1. Amide H neighbours of residue A:4 under 5 Å, counting only residues 5+ apart in sequence or on other chains, H built in-plane at 1.01 Å?
2. Taking the Cα atoms only, what angle lies between the long axis of helix B:137-150 and the longest principal axis of chain B, rounded to 10 degrees?
3. Please find, among residues of chain B, the one with the beta carbon closest to the rotation axis relating it to chain A, distance in whole Å.
4. For the protein assembly as shown, what does the equivalent ellipsoid look like in terms of its semi-axes, each the square root of 5 times an eigenvalue of the Cα gyration tensor, given largest first in whole Å?
5. Can you work out the Karplus-derived ³J(HN,Hα) for every residue in the stretch B:111-125? Use 6.51 cos²θ - 1.76 cosθ + 1.60 with θ = phi - 60°, whole Hz, and x for glycine or proline.
6. In whole percent, how big is the carbon plus sulfur part of the accessible area of chain B, probe 1.4 Å, protein atoms only?
7. Decide, for chain A, between rounded, prolate and oblate: order the square roots of the alpha carbon gyration tensor eigenvalues as a ≥ b ≥ c, take rounded if a/c falls under 1.5, and otherwise choose prolate if a/b is larger than b/c, else oblate.
8. What span do the alpha-carbon atoms of the stretch A:2-159 cover on each of the three principal axes, reported in whole Å from largest to smallest?
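The values are calculated or read from the model by the stated rules, or taken from the named source; none is laboratory data. Just so you know, these numbers come straight off a predicted model, no measurement behind them. We place every Cβ from the backbone using ideal geometry, glycine too, and count neighbours over all the protein chains shown. Remember, those area values only see protein heavy atoms, side chains included, never the ligands or the DNA or RNA. Shrake-Rupley method; radii C 1.70, N 1.55, O 1.52, S 1.80 Å.
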Protein chains: 2
Amino acid sequence: MQIGFIGLGVMGAPMAEHLVQAGHRLVTVLNRAPLPEGLAAQVVASPRAVAEASEVVILMLPDTPDVARVLLGEAGVLAGLRPGALVIDMSTISPIETARFAEATRAAGGAYLDAPVSGGQVGAKAATLTIMVGGTEADFARALPLFEVMGKNITLVGEANGAGQTCKLANQIIVALNIEAVAEALVFASKAGCDPAKVRTALMGGFAASRVLEVHGERMIARSFAPGFRIKLHQKDLSLALDSARVMGMALPGTASAQQLMSACVAQGGAEDDHSGLVRALEGLAGHSLG
Amino acid sequence: MQIGFIGLGVMGAPMAEHLVQAGHRLVTVLNRAPLPEGLAAQVVASPRAVAEASEVVILMLPDTPDVARVLLGEAGVLAGLRPGALVIDMSTISPIETARFAEATRAAGGAYLDAPVSGGQVGAKAATLTIMVGGTEADFARALPLFEVMGKNITLVGEANGAGQTCKLANQIIVALNIEAVAEALVFASKAGCDPAKVRTALMGGFAASRVLEVHGERMIARSFAPGFRIKLHQKDLSLALDSARVMGMALPGTASAQQLMSACVAQGGAEDDHSGLVRALEGLAGHSLG
(Lines give C-alpha, C1' and ligand atoms only; values in the text may rest on other atoms or scores of the structure.)
Protein backbone atom coordinates (compact mmCIF):
# COMPACT_ATOMS: atom_id res chain seq x y z
CA MET A 1 0.00 0.00 0.00
CA GLN A 2 1.08 3.61 -0.58
CA ILE A 3 1.32 5.10 2.94
CA GLY A 4 2.07 8.67 3.95
CA PHE A 5 3.92 8.84 7.27
CA ILE A 6 4.51 12.23 8.89
CA GLY A 7 6.61 12.41 12.06
CA LEU A 8 9.70 10.19 11.88
CA GLY A 9 10.92 10.84 15.44
CA VAL A 10 12.05 8.35 18.09
CA MET A 11 8.65 6.64 17.91
CA GLY A 12 7.72 7.26 14.27
CA ALA A 13 10.97 6.03 12.70
CA PRO A 14 10.82 2.43 13.98
CA MET A 15 7.06 2.28 13.33
CA ALA A 16 7.63 3.38 9.72
CA GLU A 17 10.45 0.87 9.38
CA HIS A 18 8.06 -1.97 10.29
CA LEU A 19 5.62 -0.80 7.60
CA VAL A 20 8.39 -0.85 4.96
CA GLN A 21 9.48 -4.32 6.09
CA ALA A 22 5.86 -5.47 5.67
CA GLY A 23 6.05 -4.42 2.00
CA HIS A 24 4.42 -0.99 2.04
CA ARG A 25 5.75 2.05 0.11
CA LEU A 26 6.31 5.16 2.24
CA VAL A 27 5.95 8.84 1.35
CA THR A 28 7.04 11.47 3.86
CA VAL A 29 7.91 15.13 4.36
CA LEU A 30 10.91 16.27 6.40
CA ASN A 31 10.67 19.03 8.95
CA ARG A 32 13.67 19.48 11.23
CA ALA A 33 15.62 16.23 10.87
CA PRO A 34 16.93 14.32 7.83
CA LEU A 35 15.44 10.96 6.81
CA PRO A 36 16.33 8.33 9.48
CA GLU A 37 19.29 6.26 8.28
CA GLY A 38 18.33 3.12 6.41
CA LEU A 39 14.64 4.03 6.03
CA ALA A 40 13.35 3.64 2.45
CA ALA A 41 10.90 6.49 1.82
CA GLN A 42 10.06 8.98 -0.91
CA VAL A 43 10.47 12.54 0.37
CA VAL A 44 8.09 15.21 -0.90
CA ALA A 45 7.78 18.93 -0.20
CA SER A 46 4.70 19.25 2.05
CA PRO A 47 2.03 17.38 3.99
CA ARG A 48 -0.28 18.19 1.05
CA ALA A 49 2.08 16.38 -1.32
CA VAL A 50 2.22 13.43 1.07
CA ALA A 51 -1.57 13.19 1.03
CA GLU A 52 -1.73 13.53 -2.77
CA ALA A 53 0.42 10.38 -3.06
CA SER A 54 -1.20 8.22 -0.34
CA GLU A 55 -4.17 5.96 0.40
CA VAL A 56 -3.50 6.16 4.14
CA VAL A 57 -1.78 9.04 5.97
CA ILE A 58 -0.31 8.28 9.41
CA LEU A 59 0.62 11.11 11.79
CA MET A 60 3.01 10.62 14.72
CA LEU A 61 3.62 14.13 16.06
CA PRO A 62 4.52 15.67 19.43
CA ASP A 63 1.43 17.68 20.37
CA THR A 64 -2.01 19.01 19.40
CA PRO A 65 -0.76 22.20 17.61
CA ASP A 66 1.57 20.06 15.44
CA VAL A 67 -1.35 17.93 14.27
CA ALA A 68 -3.44 21.05 13.66
CA ARG A 69 -0.69 22.59 11.51
CA VAL A 70 0.11 19.43 9.50
CA LEU A 71 -3.55 18.54 8.97
CA LEU A 72 -5.29 21.90 8.55
CA GLY A 73 -2.43 24.19 7.41
CA GLU A 74 -2.25 25.83 3.97
CA ALA A 75 -0.11 23.04 2.48
CA GLY A 76 -1.59 20.54 4.92
CA VAL A 77 -2.82 16.98 4.54
CA LEU A 78 -6.48 17.92 4.07
CA ALA A 79 -5.56 20.23 1.18
CA GLY A 80 -4.30 17.22 -0.79
CA LEU A 81 -6.45 14.40 0.57
CA ARG A 82 -7.55 11.77 -1.98
CA PRO A 83 -11.26 10.90 -1.92
CA GLY A 84 -11.84 8.15 0.64
CA ALA A 85 -8.29 8.31 2.04
CA LEU A 86 -7.82 7.36 5.68
CA VAL A 87 -6.02 9.63 8.16
CA ILE A 88 -4.68 7.79 11.22
CA ASP A 89 -3.42 10.05 14.00
CA MET A 90 -1.15 8.01 16.28
CA SER A 91 0.10 11.07 18.22
CA THR A 92 -1.05 11.61 21.82
CA ILE A 93 -3.14 14.81 21.65
CA SER A 94 -6.32 16.40 22.96
CA PRO A 95 -9.43 14.17 22.67
CA ILE A 96 -11.52 17.29 22.24
CA GLU A 97 -9.45 18.71 19.35
CA THR A 98 -9.40 15.21 17.88
CA ALA A 99 -13.16 15.35 17.38
CA ARG A 100 -12.64 18.62 15.46
CA PHE A 101 -9.84 17.16 13.31
CA ALA A 102 -11.99 14.12 12.47
CA GLU A 103 -14.86 16.41 11.48
CA ALA A 104 -12.60 18.42 9.16
CA THR A 105 -11.20 15.24 7.61
CA ARG A 106 -14.67 13.91 6.86
CA ALA A 107 -15.64 17.29 5.39
CA ALA A 108 -12.61 16.94 3.06
CA GLY A 109 -13.88 13.54 1.86
CA GLY A 110 -11.68 11.33 4.02
CA ALA A 111 -11.97 9.02 7.02
CA TYR A 112 -10.28 9.42 10.41
CA LEU A 113 -9.02 7.22 13.22
CA ASP A 114 -7.33 8.38 16.41
CA ALA A 115 -4.92 5.63 17.41
CA PRO A 116 -2.43 6.72 20.07
CA VAL A 117 0.02 4.17 21.39
CA SER A 118 1.75 3.19 24.60
CA GLY A 119 4.86 1.11 25.08
CA GLY A 120 7.49 3.75 24.30
CA GLN A 121 10.51 3.50 22.06
CA VAL A 122 11.13 -0.08 23.19
CA GLY A 123 7.61 -1.08 22.10
CA ALA A 124 7.94 0.84 18.82
CA LYS A 125 11.18 -0.98 17.95
CA ALA A 126 9.85 -4.40 19.00
CA ALA A 127 6.47 -3.81 17.28
CA THR A 128 4.73 -4.53 20.57
CA LEU A 129 2.93 -1.20 21.02
CA THR A 130 -0.47 -1.04 22.69
CA ILE A 131 -2.75 0.80 20.22
CA MET A 132 -5.97 2.43 21.46
CA VAL A 133 -8.35 3.35 18.65
CA GLY A 134 -11.35 5.64 18.25
CA GLY A 135 -13.46 5.48 15.06
CA THR A 136 -15.88 3.31 13.11
CA GLU A 137 -15.66 -0.48 12.90
CA ALA A 138 -15.20 -0.21 9.12
CA ASP A 139 -12.25 2.21 9.34
CA PHE A 140 -10.75 0.12 12.16
CA ALA A 141 -10.96 -3.03 10.00
CA ARG A 142 -9.25 -1.16 7.17
CA ALA A 143 -6.37 -0.04 9.42
CA LEU A 144 -5.99 -3.26 11.42
CA PRO A 145 -3.42 -4.92 9.10
CA LEU A 146 -1.21 -1.83 9.51
CA PHE A 147 -1.68 -1.73 13.30
CA GLU A 148 -0.72 -5.41 13.48
CA VAL A 149 2.60 -4.57 11.84
CA MET A 150 3.38 -1.99 14.57
CA GLY A 151 1.75 -3.32 17.73
CA LYS A 152 0.24 -6.21 19.62
CA ASN A 153 -2.50 -5.18 22.02
CA ILE A 154 -4.91 -3.38 19.65
CA THR A 155 -8.35 -2.24 20.87
CA LEU A 156 -11.19 -0.33 19.24
CA VAL A 157 -12.18 1.57 22.39
CA GLY A 158 -15.17 3.44 20.95
CA GLU A 159 -16.87 4.42 17.71
CA ALA A 160 -16.53 8.15 18.39
CA ASN A 161 -13.29 9.86 17.39
CA GLY A 162 -11.41 10.85 20.52
CA ALA A 163 -12.07 7.52 22.28
CA GLY A 164 -8.53 6.35 21.52
CA GLN A 165 -7.07 9.60 22.89
CA THR A 166 -9.28 9.39 25.98
CA CYS A 167 -8.07 5.85 26.62
CA LYS A 168 -4.44 6.94 26.18
CA LEU A 169 -4.93 9.76 28.69
CA ALA A 170 -6.52 7.26 31.09
CA ASN A 171 -3.34 5.21 30.66
CA GLN A 172 -1.18 8.25 31.41
CA ILE A 173 -3.22 9.08 34.51
CA ILE A 174 -2.73 5.57 35.88
CA VAL A 175 0.98 5.42 35.07
CA ALA A 176 1.64 8.85 36.65
CA LEU A 177 -0.25 8.03 39.85
CA ASN A 178 1.34 4.58 40.06
CA ILE A 179 4.76 6.24 39.76
CA GLU A 180 3.82 8.66 42.54
CA ALA A 181 2.53 5.70 44.62
CA VAL A 182 5.80 3.80 44.33
CA ALA A 183 7.87 6.93 44.89
CA GLU A 184 6.00 7.94 48.06
CA ALA A 185 6.16 4.40 49.43
CA LEU A 186 9.88 3.92 48.76
CA VAL A 187 10.91 7.35 50.06
CA PHE A 188 8.76 6.77 53.17
CA ALA A 189 10.31 3.35 53.83
CA SER A 190 13.84 4.56 53.15
CA LYS A 191 13.44 7.60 55.41
CA ALA A 192 12.27 5.20 58.15
CA GLY A 193 15.53 3.27 57.78
CA CYS A 194 14.40 0.37 55.57
CA ASP A 195 16.21 -0.85 52.46
CA PRO A 196 13.92 0.24 49.57
CA ALA A 197 15.08 -2.70 47.43
CA LYS A 198 13.87 -5.18 50.09
CA VAL A 199 10.59 -3.31 50.45
CA ARG A 200 10.03 -3.38 46.67
CA THR A 201 10.65 -7.13 46.58
CA ALA A 202 8.39 -7.79 49.57
CA LEU A 203 5.54 -5.86 47.91
CA MET A 204 5.78 -7.42 44.46
CA GLY A 205 3.77 -10.52 45.40
CA GLY A 206 0.68 -8.73 46.76
CA PHE A 207 -1.96 -6.13 45.87
CA ALA A 208 0.72 -3.44 45.45
CA ALA A 209 2.09 -5.33 42.44
CA SER A 210 2.28 -3.34 39.21
CA ARG A 211 4.40 -2.92 36.10
CA VAL A 212 5.43 0.45 37.57
CA LEU A 213 6.64 -1.12 40.85
CA GLU A 214 8.63 -3.57 38.75
CA VAL A 215 10.13 -1.23 36.16
CA HIS A 216 10.04 2.29 37.57
CA GLY A 217 10.60 1.17 41.17
CA GLU A 218 13.81 -0.50 40.07
CA ARG A 219 14.86 2.66 38.19
CA MET A 220 14.29 4.81 41.30
CA ILE A 221 16.43 2.52 43.45
CA ALA A 222 19.16 2.24 40.77
CA ARG A 223 19.04 6.04 40.10
CA SER A 224 18.61 5.23 36.41
CA PHE A 225 16.78 8.26 35.03
CA ALA A 226 17.85 8.22 31.36
CA PRO A 227 14.61 8.04 29.32
CA GLY A 228 12.55 5.91 28.71
CA PHE A 229 9.64 8.33 28.66
CA ARG A 230 10.47 11.95 29.37
CA ILE A 231 8.85 13.82 32.29
CA LYS A 232 8.10 16.80 30.03
CA LEU A 233 6.02 14.56 27.74
CA HIS A 234 4.14 13.00 30.62
CA GLN A 235 3.59 16.49 32.04
CA LYS A 236 2.05 17.47 28.69
CA ASP A 237 -0.20 14.39 28.68
CA LEU A 238 -1.48 15.12 32.20
CA SER A 239 -2.16 18.71 31.12
CA LEU A 240 -4.25 17.32 28.24
CA ALA A 241 -6.17 15.17 30.76
CA LEU A 242 -6.73 18.11 33.11
CA ASP A 243 -7.82 20.40 30.24
CA SER A 244 -10.29 17.77 29.05
CA ALA A 245 -11.54 17.23 32.59
CA ARG A 246 -12.13 20.95 33.01
CA VAL A 247 -14.05 21.15 29.72
CA MET A 248 -16.15 18.12 30.75
CA GLY A 249 -16.74 19.61 34.21
CA MET A 250 -15.03 17.14 36.52
CA ALA A 251 -12.18 17.07 39.04
CA LEU A 252 -9.10 14.82 38.99
CA PRO A 253 -7.35 15.69 42.27
CA GLY A 254 -4.66 13.00 42.11
CA THR A 255 -3.82 13.72 38.49
CA ALA A 256 -3.51 17.43 39.27
CA SER A 257 -1.18 16.71 42.17
CA ALA A 258 1.01 14.33 40.10
CA GLN A 259 1.18 16.94 37.35
CA GLN A 260 2.40 19.51 39.88
CA LEU A 261 5.13 17.12 41.07
CA MET A 262 6.22 16.73 37.44
CA SER A 263 6.27 20.52 37.17
CA ALA A 264 8.52 20.62 40.24
CA CYS A 265 10.88 18.17 38.49
CA VAL A 266 10.93 20.41 35.41
CA ALA A 267 11.65 23.43 37.64
CA GLN A 268 14.63 21.53 39.08
CA GLY A 269 16.04 20.78 35.62
CA GLY A 270 14.56 17.30 35.25
CA ALA A 271 12.41 17.85 32.13
CA GLU A 272 14.43 15.36 30.09
CA ASP A 273 14.60 12.69 32.83
CA ASP A 274 12.60 9.50 32.64
CA HIS A 275 9.21 9.91 34.36
CA SER A 276 10.42 7.71 37.21
CA GLY A 277 12.48 10.83 38.08
CA LEU A 278 9.25 12.05 39.73
CA VAL A 279 10.75 10.46 42.85
CA ARG A 280 13.19 13.38 43.03
CA ALA A 281 10.37 15.84 43.72
CA LEU A 282 9.25 13.63 46.61
CA GLU A 283 12.81 13.29 47.87
CA GLY A 284 12.87 17.09 47.92
CA LEU A 285 9.71 17.04 50.06
CA ALA A 286 11.30 14.48 52.40
CA GLY A 287 14.78 15.97 52.72
CA HIS A 288 15.96 12.43 52.01
CA SER A 289 17.20 10.59 48.92
CA LEU A 290 16.68 6.89 48.18
CA GLY A 291 20.02 6.52 46.46
CA MET B 1 4.51 -25.66 70.31
CA GLN B 2 2.42 -23.84 72.92
CA ILE B 3 1.26 -20.64 71.18
CA GLY B 4 -0.69 -17.76 72.64
CA PHE B 5 -2.93 -16.11 70.03
CA ILE B 6 -4.75 -12.90 70.91
CA GLY B 7 -7.18 -11.42 68.38
CA LEU B 8 -9.36 -14.08 66.73
CA GLY B 9 -11.17 -11.75 64.31
CA VAL B 10 -11.76 -12.16 60.55
CA MET B 11 -8.00 -12.37 59.99
CA GLY B 12 -6.86 -13.98 63.24
CA ALA B 13 -9.35 -16.86 63.29
CA PRO B 14 -8.21 -18.52 60.02
CA MET B 15 -4.54 -17.83 60.85
CA ALA B 16 -4.97 -19.55 64.23
CA GLU B 17 -6.79 -22.44 62.54
CA HIS B 18 -3.74 -23.07 60.30
CA LEU B 19 -1.48 -23.18 63.40
CA VAL B 20 -3.73 -25.79 65.04
CA GLN B 21 -3.79 -27.84 61.82
CA ALA B 22 0.02 -27.75 61.81
CA GLY B 23 -0.02 -29.42 65.25
CA HIS B 24 0.40 -26.48 67.62
CA ARG B 25 -1.55 -26.01 70.86
CA LEU B 26 -3.34 -22.66 71.19
CA VAL B 27 -4.07 -20.54 74.26
CA THR B 28 -6.24 -17.46 73.93
CA VAL B 29 -8.28 -14.87 75.80
CA LEU B 30 -11.71 -13.73 74.65
CA ASN B 31 -12.69 -10.10 74.53
CA ARG B 32 -15.94 -9.30 72.75
CA ALA B 33 -16.71 -12.41 70.71
CA PRO B 34 -16.95 -16.13 71.63
CA LEU B 35 -14.36 -18.62 70.40
CA PRO B 36 -14.70 -19.06 66.61
CA GLU B 37 -16.67 -22.20 65.83
CA GLY B 38 -14.52 -25.28 65.36
CA LEU B 39 -11.31 -23.72 66.66
CA ALA B 40 -9.52 -25.85 69.26
CA ALA B 41 -8.02 -23.49 71.84
CA GLN B 42 -7.69 -23.22 75.60
CA VAL B 43 -9.37 -20.04 76.85
CA VAL B 44 -7.80 -18.23 79.82
CA ALA B 45 -8.79 -15.10 81.70
CA SER B 46 -6.30 -12.45 80.58
CA PRO B 47 -3.44 -11.64 78.21
CA ARG B 48 -1.15 -12.20 81.18
CA ALA B 49 -2.49 -15.75 81.60
CA VAL B 50 -1.99 -16.33 77.85
CA ALA B 51 1.66 -15.30 78.16
CA GLU B 52 2.18 -17.43 81.27
CA ALA B 53 1.20 -20.51 79.23
CA SER B 54 3.06 -19.77 75.96
CA GLU B 55 6.50 -19.92 74.31
CA VAL B 56 5.31 -17.61 71.53
CA VAL B 57 2.55 -14.98 71.78
CA ILE B 58 0.97 -13.78 68.52
CA LEU B 59 -1.11 -10.58 68.44
CA MET B 60 -3.58 -9.81 65.61
CA LEU B 61 -5.41 -6.71 66.78
CA PRO B 62 -7.19 -3.78 65.11
CA ASP B 63 -5.03 -0.78 66.03
CA THR B 64 -2.10 0.63 68.04
CA PRO B 65 -4.06 1.31 71.29
CA ASP B 66 -5.31 -2.30 71.31
CA VAL B 67 -1.74 -3.62 71.15
CA ALA B 68 -0.68 -1.15 73.87
CA ARG B 69 -3.48 -2.33 76.17
CA VAL B 70 -2.98 -6.08 75.55
CA LEU B 71 0.82 -5.86 75.82
CA LEU B 72 1.44 -3.23 78.50
CA GLY B 73 -1.82 -3.27 80.50
CA GLU B 74 -2.10 -4.38 84.13
CA ALA B 75 -3.04 -7.97 83.25
CA GLY B 76 -1.15 -7.67 79.95
CA VAL B 77 1.19 -10.01 78.09
CA LEU B 78 4.39 -8.48 79.48
CA ALA B 79 3.15 -9.01 83.06
CA GLY B 80 3.19 -12.77 82.45
CA LEU B 81 5.92 -13.19 79.86
CA ARG B 82 8.11 -16.29 80.24
CA PRO B 83 11.88 -15.68 80.05
CA GLY B 84 12.97 -15.77 76.38
CA ALA B 85 9.41 -15.92 75.05
CA LEU B 86 8.79 -14.39 71.60
CA VAL B 87 6.07 -11.80 70.99
CA ILE B 88 5.00 -11.56 67.33
CA ASP B 89 2.73 -8.61 66.54
CA MET B 90 0.97 -9.30 63.24
CA SER B 91 -1.43 -6.34 63.58
CA THR B 92 -0.98 -3.29 61.34
CA ILE B 93 -0.01 -0.51 63.76
CA SER B 94 2.31 2.47 64.16
CA PRO B 95 5.98 1.73 63.30
CA ILE B 96 7.02 4.31 65.88
CA GLU B 97 4.98 2.79 68.74
CA THR B 98 6.22 -0.61 67.58
CA ALA B 99 9.79 0.37 68.50
CA ARG B 100 8.50 1.27 72.00
CA PHE B 101 6.60 -2.04 72.37
CA ALA B 102 9.70 -3.99 71.30
CA GLU B 103 11.80 -2.11 73.86
CA ALA B 104 9.33 -2.91 76.65
CA THR B 105 9.22 -6.58 75.61
CA ARG B 106 13.01 -6.86 75.73
CA ALA B 107 13.02 -5.13 79.13
CA ALA B 108 10.58 -7.84 80.29
CA GLY B 109 13.01 -10.56 79.18
CA GLY B 110 11.37 -11.45 75.86
CA ALA B 111 12.00 -11.04 72.15
CA TYR B 112 9.84 -9.14 69.64
CA LEU B 113 9.00 -9.29 65.95
CA ASP B 114 6.65 -6.99 64.09
CA ALA B 115 5.12 -9.02 61.28
CA PRO B 116 2.09 -7.37 59.68
CA VAL B 117 0.44 -9.09 56.74
CA SER B 118 -1.27 -8.29 53.48
CA GLY B 119 -3.59 -10.43 51.42
CA GLY B 120 -6.80 -9.93 53.41
CA GLN B 121 -9.29 -12.50 54.61
CA VAL B 122 -8.87 -14.51 51.40
CA GLY B 123 -5.12 -14.75 51.97
CA ALA B 124 -5.62 -15.61 55.65
CA LYS B 125 -7.97 -18.49 54.77
CA ALA B 126 -5.77 -19.78 51.96
CA ALA B 127 -2.56 -19.39 54.02
CA THR B 128 -1.11 -17.21 51.24
CA LEU B 129 -0.53 -14.02 53.26
CA THR B 130 2.39 -11.76 52.48
CA ILE B 131 4.27 -11.32 55.79
CA MET B 132 6.62 -8.34 56.28
CA VAL B 133 8.91 -8.73 59.26
CA GLY B 134 11.05 -6.42 61.37
CA GLY B 135 13.50 -7.90 63.93
CA THR B 136 16.70 -9.88 64.31
CA GLU B 137 17.73 -12.73 61.99
CA ALA B 138 17.68 -15.11 64.99
CA ASP B 139 14.12 -14.23 66.03
CA PHE B 140 13.03 -14.36 62.38
CA ALA B 141 14.48 -17.87 62.03
CA ARG B 142 12.64 -18.93 65.18
CA ALA B 143 9.30 -17.63 63.85
CA LEU B 144 9.70 -18.72 60.22
CA PRO B 145 8.11 -22.19 60.62
CA LEU B 146 5.01 -20.47 62.06
CA PHE B 147 4.94 -17.85 59.29
CA GLU B 148 5.17 -20.61 56.68
CA VAL B 149 2.01 -22.14 58.07
CA MET B 150 0.11 -18.83 57.59
CA GLY B 151 1.68 -17.21 54.52
CA LYS B 152 3.75 -17.54 51.38
CA ASN B 153 5.71 -14.40 50.54
CA ILE B 154 7.70 -13.89 53.78
CA THR B 155 10.41 -11.21 53.99
CA LEU B 156 12.68 -10.01 56.80
CA VAL B 157 12.61 -6.35 55.74
CA GLY B 158 15.01 -5.01 58.36
CA GLU B 159 16.70 -5.84 61.65
CA ALA B 160 15.12 -2.91 63.50
CA ASN B 161 11.66 -3.39 64.98
CA GLY B 162 9.18 -1.32 63.02
CA ALA B 163 10.63 -2.30 59.62
CA GLY B 164 7.78 -4.73 59.02
CA GLN B 165 5.19 -2.07 59.93
CA THR B 166 6.94 0.47 57.71
CA CYS B 167 6.85 -1.97 54.80
CA LYS B 168 3.16 -2.67 55.40
CA LEU B 169 2.39 1.06 55.38
CA ALA B 170 4.40 1.37 52.13
CA ASN B 171 2.11 -1.35 50.77
CA GLN B 172 -1.00 0.54 51.90
CA ILE B 173 0.30 3.77 50.32
CA ILE B 174 0.79 2.05 46.96
CA VAL B 175 -2.54 0.23 47.04
CA ALA B 176 -4.46 3.41 47.97
CA LEU B 177 -2.82 5.51 45.25
CA ASN B 178 -3.23 2.73 42.68
CA ILE B 179 -6.93 2.60 43.54
CA GLU B 180 -7.17 6.37 43.11
CA ALA B 181 -5.27 6.05 39.80
CA VAL B 182 -7.68 3.49 38.39
CA ALA B 183 -10.71 5.37 39.74
CA GLU B 184 -9.65 8.72 38.20
CA ALA B 185 -8.83 7.06 34.87
CA LEU B 186 -12.08 5.11 34.60
CA VAL B 187 -14.31 8.00 35.69
CA PHE B 188 -12.48 10.28 33.23
CA ALA B 189 -12.91 7.83 30.35
CA SER B 190 -16.53 7.10 31.21
CA LYS B 191 -17.41 10.79 31.50
CA ALA B 192 -15.86 11.27 28.02
CA GLY B 193 -18.26 8.64 26.66
CA CYS B 194 -16.00 5.56 26.63
CA ASP B 195 -16.93 2.14 27.98
CA PRO B 196 -14.80 1.78 31.14
CA ALA B 197 -14.68 -2.02 30.72
CA LYS B 198 -13.08 -1.64 27.27
CA VAL B 199 -10.63 0.94 28.60
CA ARG B 200 -9.64 -1.36 31.48
CA THR B 201 -9.01 -4.22 29.07
CA ALA B 202 -7.02 -2.04 26.66
CA LEU B 203 -4.76 -0.85 29.50
CA MET B 204 -4.08 -4.23 31.08
CA GLY B 205 -1.29 -5.13 28.65
CA GLY B 206 0.87 -2.02 29.14
CA PHE B 207 2.60 0.06 31.79
CA ALA B 208 -0.73 0.80 33.50
CA ALA B 209 -1.03 -2.89 34.41
CA SER B 210 -1.47 -3.63 38.12
CA ARG B 211 -3.22 -6.00 40.48
CA VAL B 212 -5.44 -3.05 41.41
CA LEU B 213 -6.47 -2.43 37.76
CA GLU B 214 -7.30 -6.13 37.53
CA VAL B 215 -9.15 -6.64 40.82
CA HIS B 216 -10.36 -3.24 42.04
CA GLY B 217 -10.95 -1.90 38.51
CA GLU B 218 -13.31 -4.79 37.88
CA ARG B 219 -15.08 -4.15 41.22
CA MET B 220 -15.61 -0.46 40.31
CA ILE B 221 -17.15 -1.39 36.94
CA ALA B 222 -19.29 -4.17 38.45
CA ARG B 223 -20.31 -1.92 41.44
CA SER B 224 -19.22 -4.71 43.75
CA PHE B 225 -18.30 -2.90 46.97
CA ALA B 226 -18.82 -5.62 49.59
CA PRO B 227 -15.49 -6.01 51.42
CA GLY B 228 -12.76 -7.24 50.78
CA PHE B 229 -10.82 -4.64 52.72
CA ARG B 230 -12.84 -1.91 54.40
CA ILE B 231 -12.30 1.77 53.58
CA LYS B 232 -12.25 2.63 57.31
CA LEU B 233 -9.30 0.27 57.87
CA HIS B 234 -7.39 1.64 54.89
CA GLN B 235 -8.17 5.16 56.13
CA LYS B 236 -6.63 4.18 59.49
CA ASP B 237 -3.52 2.75 57.78
CA LEU B 238 -3.00 5.93 55.75
CA SER B 239 -3.37 7.95 58.95
CA LEU B 240 -0.59 5.82 60.49
CA ALA B 241 1.59 6.55 57.44
CA LEU B 242 0.87 10.29 57.61
CA ASP B 243 1.52 10.39 61.38
CA SER B 244 4.84 8.59 60.90
CA ALA B 245 5.74 10.89 58.00
CA ARG B 246 5.07 13.94 60.17
CA VAL B 247 7.20 12.58 63.01
CA MET B 248 10.01 11.81 60.53
CA GLY B 249 9.66 15.28 58.95
CA MET B 250 8.56 14.47 55.42
CA ALA B 251 5.61 15.12 53.11
CA LEU B 252 3.44 12.53 51.32
CA PRO B 253 1.10 14.67 49.19
CA GLY B 254 -0.54 11.84 47.26
CA THR B 255 -1.13 9.73 50.36
CA ALA B 256 -2.70 12.72 52.12
CA SER B 257 -5.02 13.32 49.18
CA ALA B 258 -6.05 9.65 48.95
CA GLN B 259 -6.70 9.64 52.69
CA GLN B 260 -8.98 12.67 52.27
CA LEU B 261 -10.92 10.89 49.51
CA MET B 262 -11.39 7.94 51.88
CA SER B 263 -12.60 10.39 54.52
CA ALA B 264 -15.11 11.70 51.96
CA CYS B 265 -16.34 8.12 51.44
CA VAL B 266 -16.74 7.68 55.19
CA ALA B 267 -18.64 11.00 55.35
CA GLN B 268 -21.02 9.65 52.71
CA GLY B 269 -21.68 6.45 54.67
CA GLY B 270 -19.11 4.26 52.89
CA ALA B 271 -16.90 3.33 55.87
CA GLU B 272 -17.77 -0.37 55.56
CA ASP B 273 -17.39 -0.52 51.76
CA ASP B 274 -14.46 -2.23 50.10
CA HIS B 275 -11.63 0.26 49.47
CA SER B 276 -12.40 0.17 45.74
CA GLY B 277 -15.44 2.23 46.82
CA LEU B 278 -13.01 5.19 46.76
CA VAL B 279 -14.28 5.59 43.19
CA ARG B 280 -17.55 6.96 44.63
CA ALA B 281 -15.77 10.01 46.04
CA LEU B 282 -14.35 10.69 42.57
CA GLU B 283 -17.74 10.13 40.96
CA GLY B 284 -19.01 12.79 43.34
CA LEU B 285 -16.29 15.14 42.07
CA ALA B 286 -17.23 14.35 38.47
CA GLY B 287 -21.03 14.46 38.74
CA HIS B 288 -20.91 11.17 36.88
CA SER B 289 -21.12 7.52 37.87
CA LEU B 290 -19.36 4.63 36.13
CA GLY B 291 -22.15 2.19 36.82
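1. Amide H neighbours of residue A:4, under 5 Å, 5+ apart: A:27, A:55, A:56, A:57, A:58.
2. 60
3. Spelled out, residue of B and its Cβ distance from the axis onto A: B:210, 2.
4. 54, 22, 19
5. 10, 9, 10, 9, 8, x, 10, 10, x, x, 4, 4, x, 5, 5
6. 54
7. Judged from the Cα gyration tensor, chain A comes out prolate (a/c at least 1.5, a/b above b/c).
8. On the principal axes, the stretch A:2-159 reaches 36, 35, 26 Å in Cα extent.
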